[in-house]
1. Kindly list, by first and then second residue, each pair from a residue in the range 43-68 that is without any contact (Cβ under 8 Å) to a residue 24 or more places away in the chain to a residue that is surrounded by fewer than 18 Cβ atoms within 10 Å (Cβ to Cβ), limited to pairs with Cβ atoms under 7 Å and residues at least 6 apart or on different chains.
2. Looking at (1) at pLDDT 85 or above; (2) under 28 Å from Gly54 (Cβ atoms); (3) of a type outside the set (Asp, Glu), which is the one condition that is false for Ala363?
3. What are the residue pairs meeting all of these: first residue in the range 200-211, first residue of a type in the set (A, V, I, L, M), second residue surrounded by 20 or more Cβ atoms within 10 Å (Cβ to Cβ) and not in a helix (DSSP H, G or I), Cβ atoms under 8 Å, and 6 or more apart or on different chains?
4. From the list Leu390, Leu373, which residue is out of contact with any Ser or Thr (no Cβ under 7 Å at 6 or more places or on another chain) and modelled with pLDDT of 85 or more?
5. Ala319 - would you say it is at pLDDT below 95, surrounded by fewer than 24 Cβ atoms within 10 Å (Cβ to Cβ) and of a type in the set (Gly, Ala, Ser)?
6. Within the range 223-240, can you find the residues that are touching a residue at least 60 places away in the same chain (Cβ under 8 Å) and not in a helix (DSSP H, G or I)?
7. Do you know which residues across the range 241-295 are of a type outside the set (A, V, I, L, M, F, W, C), more than 20 Å from the chain's Cα centre (by Cα) and assigned to a helix (DSSP H, G or I)?
8. So for the range 299-314 (the condition being over 17 Å from the mean Cα position of the chain (by Cα), in a helix (DSSP H, G or I) and among the hydrophobic types (A, V, I, L, M, F, W, C)), does at least one residue qualify?
Amino acid sequence: MKPGLLALAVGGFGIGLTEFVIAGLLPEVAADFAVSEATAGWLISGYALSVAVGAILLTAAVVRLPRKQVLLGLMVLFIVGNLVSALATSYDAMLVGRIIAALCHGAFFGIGSVVAASLVAPEKKAGAIALMFAGLTSANVLGVPAGTLLGQAAGWRSTFWAITAIGMVSFVAIALLVPGKVAGADAPPRLRQELGAFTSGQVWLSLAVTVLGFGGMFGAFTYIAYTLTGVSGFADSWIPWLLVLFGVGLFVGNLFGGRAANRAVARTLFVVLAGLVVVMVLFALTAESKALTVVALFLMGAFGFATVPGLQMRVMDHAGQAPTLASGANIGAFNLGNAIGAWLGGLAITAGLGYTSPLWVGAGLALAALVVLALAEAIAAREVHDTEALVSA
């Protein structure tokens, strides 16, 4: 593994931890600041909205700057945000800290994807992106349970102090291990050039596939605790361990998806999206079986996150020589998909369709992603054919 990829993965681990660990600590935070559960929930939804904003606006603001220096600046923002959270004496201060930390999320993964791809040979780019995102998936498997236990044992602030320390380690690792020249410091792109990527219909189709495909998985996952307890019959004490299993699926799927996308991006996306549809349909049909639920939960995570390297590579490929802003926009698309999927899943439950209904909603969204991908690939093939015909004429 390239040392620079390891440094990026450490940063991804810290960012993933600060995004997800708050869910396990929300009761303690709400009690400490004397706010309702719904109000405390803005510490999660406010973070997601800030990610979507930062993914585009912050990336656009720094696109002319050398990428390594930008990554270092983003880690400073991350450290400051988590430090504000650790020191917060009010709910409002805590929310501000969450928003500050979230601003770096989309830009870090968007720019980091471009940097990771530039560190390896062309045929290994998707795998390099997957290695960077392995930090994010590792945060789900290892960091979130450990961070929750630390917060419960020593107070929720201790978790944010630990995350702040991880941010400092990541800053040093990026400074020492990511080579500035390879990261594009000698030829920073122009904003007009980066905006030009959005004149490509394929970039927009790629973003649509991301919103639908990732929204399908996380729309189902948002309400998975209700499915596991209300339908599958698991006790509440089982939920953390089942979520660890889901996290293992994310980790495995991410690495598998990266290796497969190295060989063929489109084929990989077709296979994993189709697999995701099948898994969620079977999950919905067999959710009353504990044994089958365990298998389905792992596979849902695996197929769901196996899409990530391919989706990121597709939008970067079609952005041509201006991948940075498009890559950041795709990170925003992941979070937009999360919000849309969760909203639709919640509507299904509110309509009285039961706790398996988010799985059906998720399967429908993933199927829609598959249809959009097929349309995009058909258009791309026709464009290639028309270009070849024009050249031969």
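The values are calculated or read from the model by the stated rules, or taken from the named source; none is laboratory data. The structure displayed is predicted, hence computed values, not measured ones. All Cβ positions, even for glycine, are placed from backbone atoms using ideal geometry, and neighbour counts span all protein chains on display.
1. Ile44/Ala23
2. Here Ala363 meets the rest and fails (2).
3. Val203/Ala319
4. Values: Leu390 fails: modelled with pLDDT of 85 or more.
Of Leu390, Leu373, the one residue that is out of contact with any Ser or Thr (no Cβ under 7 Å at 6 or more places or on another chain) and modelled with pLDDT of 85 or more is Leu373.
5. Details: at pLDDT below 95: yes; surrounded by fewer than 24 Cβ atoms within 10 Å (Cβ to Cβ): no; of a type in the set (Gly, Ala, Ser): yes.
No: the conditions fail for Ala319.
6. Within the range 223-240, the subset touching a residue at least 60 places away in the same chain (Cβ under 8 Å) is 223-224, 226-228, 230-232, 240.
Result: Tyr223, Val231, Ser232.
7. Taking the range 241-295 and keeping what is of a type outside the set (A, V, I, L, M, F, W, C), we get 247, 249, 253-254, 257-259, 262-263, 267-268, 275, 286, 288-290, 293.
Then drop every residue that is not more than 20 Å from the chain's Cα centre (by Cα), which leaves 263, 267, 286, 288-290, 293.
Selection gives Arg263, Arg267, Thr286, Lys290, Thr293.
8. Yes: one or more hits.
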